[in-house]
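Working notes, beginning with the structure itself.
Read-outs throughout are calculated quantities, based only on the coordinates presented, and are distinct from any laboratory measurement. Just so we're clear, the structure is a prediction, and the values are computed from it rather than from any experiment. With ideal geometry, Cβ positions are generated from the backbone for all residues, glycine too; neighbour counts draw on all protein chains shown.
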Amino acid sequence: MKYSLKQIEVFLATASCQNITQAAELLSMSQSAASESLKTLESQFNIQLFDRIGRRLQLNDLGISVKKQAESFMERARVLEEALEQKTEIGTLKVGATLSIGNYLAINILSAFRAKNTGANATLEVANTTSIANKIANFELDIGLIEGEVTHPDLEVSPWIADELVVFCSPEHPYANKQDLNDQDLTSAQWILRETGSGTRQAFDYAMHGLIPNLQVTLELQHTEAIKRAVESGMGLGCLSRITLNDAFTRGSLIPLNIPHRDFHRQFYFILHKDKYRSSGLQNWLKCCQDFQ
């Protein structure tokens, strides 16, 4: 081969950092060694993978195309290395989950996974749908559990379990004793919602089609607990997954509201890179998720 794994590693680190010095630090290399590695890779094939913009290295069209193949290649190399070193069959599994799933479901699944797979090294990263999808696409995570729908040519998205959003208010809110809410009620209310890019917000916007321009969204927050506290304090209505609200409904600190003419049902999904190697660890994780249903 005309290239080495180290050259590919330097290329990917440089693509991520957009700076050769930072890439070298990331890989615990000297700046000169990293620079020479990248220069040699380009010269061996008589190509240029980056546009030099001051101190910043920005991928050009060829670099973007090569990056996708390089990420897939390095992922397979990592799996091969684990096999050659005779590590645990499960290996390392990096799981990503959106906030509602991560905070209310994935922790229990992770516990069950570790109990069934002695010595398994599994990590959990919690972020919104857009962030998890990007990290799966870049092989930074092995599998994602997401609330929103995504479309990406490099990703496989499969249905997992059903979920439902619920609109809710504080016990002191004027709507607390209202049997059903109509569209006028919805547009008259103040709303505290998840941020754009989250699966919960995507599902809410879909359910509220036709009303979005008229809704009074006074606050957007990234965390479900912050939204619940804001609604409890009387700041307005919220809308979150039922799994995040059951305890509050039981305590009576929040009140579910009925909106029969709007559909708040949605789906949770698995998300993987289409070139992701389905290791035994990944297959065991999927089984734990399916058993959780």
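Find, to one decimal place in angstroms, the Kirkwood hydrodynamic radius of the range 8-152, where the mean of 1/r is taken over every pair of different Cα atoms and then inverted. The partial results should precede the final answer.
On the way: mean 1/r = 0.0577 Å⁻¹.
Value: 17.3 Å, from the Cα pair sum.
Here the scattering of the range 226-293 is modelled by Debye summation over its C-alpha atoms, one equal scatterer each and no solvent; at q = 0.13, 0.19, 0.21, 0.26 Å⁻¹ the log10 of I(q)/I(0) is -0.62, -0.86, -0.94, -1.21. Which translational diffusion coefficient, to the nearest whole µm²/s, is obtained for the chain from the Stokes-Einstein equation, given a Kirkwood hydrodynamic radius over C-alpha pairs, 25 °C and 0.890 mPa s? Estimated diffusion coefficient is 113 µm²/s. Give, as a single signed number, the net charge of other residues whose beta carbon lies under 15 Å from the beta carbon of residue 196, with Lys and Arg counted +1 and Asp and Glu -1. That sum, taken over residues with Cβ under 15 Å, equals -3. Would you mind telling me which residue in 133, 24, 112 has the biggest mean-square fluctuation in a Gaussian network model of the chain, where springs connect alpha carbons within a distance under 10 angstrom? In the Gaussian network model the winner is 24. Put in line by how crowded their Cβ is, counting other Cβ atoms within 10 Å and starting with the fewest, 163, 205, 61 read 61, 205, 163. Taken over the range 5-84, the ratio of Cα radius of gyration to 2.2 N^0.38 Å equals 1.07.
Would you mind counting up the charge near residue 65? Only other residues with Cβ under 15 Å from its Cβ, with Lys and Arg at +1 and Asp and Glu at -1.
Working: positive: 67, 68; negative: 42, 51, 61, 71, 154, 275.
So the environment of residue 65 carries a net charge of -4.
Would you list 261, 152, 173 from fewest to most Cβ contacts within 10 Å? Working shown, then result.
Numbers: 261 8, 152 14, 173 21.
Listed from fewest to most nearby Cβ atoms, that is 261, 152, 173.
Counting other C-beta atoms within 10 Å, which of 274, 228, 67 has the fewest, and how do the rest follow?
Details: 274 11, 228 22, 67 17.
Taking fewest neighbouring Cβ atoms as first place, the list is 274, 67, 228.
Expressed as a fraction of 2.2 N^0.38 Å, the C-alpha radius of gyration for the range 162-266 is 0.95.
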